[in-house]
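Structure first, commentary second.
The values are calculated or read from the model by the stated rules, or taken from the named source; none is laboratory data. Owing to the predicted nature of the structure, the values given are computational and were not obtained by experimental measurement. Protein only, heavy atoms only, side chains kept; ligands, DNA and RNA dropped before computing areas. Shrake-Rupley method; radii C 1.70, N 1.55, O 1.52, S 1.80 Å.
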Amino acid sequence: MTDYRDLVNRWFEQVWNRRRRAAILEYMDSACLTKVEGMDAPLTREAFLDYHAAFISAVPDLRSEVISVVTEESRAVVTWRARGT
């Protein structure tokens, strides 16, 4: 059984705080589409890799923090915040 609370925490720590692109490939299925606020179309995993690189480049001191995670079956709702300049 997947511990979604742990998965969420690992995602934010590895992908955003440690900037590990390899973690995106590890945690995001190749068929996954992700919705990014402000973008009309969902991003494929490959497009998310480009988005991630651009975001980290624009906000090099970015730090994310998971505030809370609520899980039910295979779903998780996450409250998080990010800080950076």
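Secondary structure note: in the chain, about 100% of the DSSP beta bridges are antiparallel. With the cut-off at 1.5 for a/c, could you classify the chain from its C-alpha gyration tensor as rounded, prolate or oblate? Taking the square roots of the gyration eigenvalues as a ≥ b ≥ c, the chain is oblate.
When ligands, DNA and RNA are left out and all protein chains stay put, how many square angstrom of accessible area per residue does the chain have with a 1.4 Å probe?
Details: 6010 Å² over 85 residues.
With the other protein chains kept in place, the chain gives 71 Å² per residue.
The calculated 222 nm mean residue ellipticity attributable to helices in the chain amounts to -10000 deg cm²/dmol, summing -39500 (n - 2.57) over DSSP H runs of n ≥ 4 and dividing by all residues.
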